[in-house]
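Following: one structure in C-alpha cells, then a few remarks.
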C-alpha cells in the first residue's frame, strides 16, 4: 500500500472517529441522575413538617487507557499495565429540615446543599522491565544481564467538592 493511500485512509478513519465522538458527547454529558426522596406522605399522615431530601447519583464512564509507549533502552514498553481512567461525579444531596421556633407554631428551616461535583480517577498501573538489555552488537548480538525493574503507578483521584449550609424562615 502506498504511503499516500495510507495517509488518506488515516485521515478518513480519524474523521469518522471524531464524528462518532462528537455524536456521543451529549449522552455522556449527563454526569448524575436526580433521585427524589418522597417524604410528603409522611408529612400528611403525621400532620407535621418532615425533612425534604433530594439526591444525585453519579454515572461512571470508563475512559480509554493510554497505550504502551516504547522507550529506548527497555525491552518492555513503558506502562506495561496502563492506568484505566474513570470519569464521573461525587454524589450530591439537597436536604432541608424544619426547625421549630421556640415561641409560636411557625417553622424555620436548616438545609444543606451539596451539589454533585466532577470526579476524575486513574486506576493503579504497572511498569515493568525485563532483566535483559537490548541486543548488543559488540557481544555478538546477545543481550547483557541487568537488574529487573518493577514499579507501581499510584492511583489518582481529582475532584473539587463543595457544600452550602443555610438556615432561614419558612420551610
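The table for this structure:
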{"item": "Modelled FRET efficiency - R0 41 Å, residue 130 with residue 160, Cβ distances, 0.05 increments", "result": "0.50"}
{"item": "Residue 70-residue 86 pseudo-label distance in nm [points 7 Å out on the Cα-to-Cβ vector]", "result": "3.3 nm"}
{"item": "Directionally averaged projected area (convex hull, Cα atoms, the range 88-171), nm²", "result": "9.0 nm²"}
{"item": "Inter-centroid distance (Cα atoms) of the range 112-171 relative to the range 27-102, Å", "result": "21 Å"}
{"item": "Using a Förster distance of 41 Å, the FRET efficiency for residue 150-residue 39 (Cβ separation, nearest 0.05)", "result": "0.15"}
{"item": "Backbone N under 14 Å from the residue 142 label point (7 Å along Cα→Cβ), restricted to the range 67-82", "result": "none"}
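Each value in this text was obtained by applying a stated rule to the coordinates, not by laboratory testing. A quick note: this is a predicted structure, and the numbers were derived from the prediction, not measured. All Cβ positions, glycine included, derive from the backbone under ideal geometry; neighbour counts span all protein chains shown.
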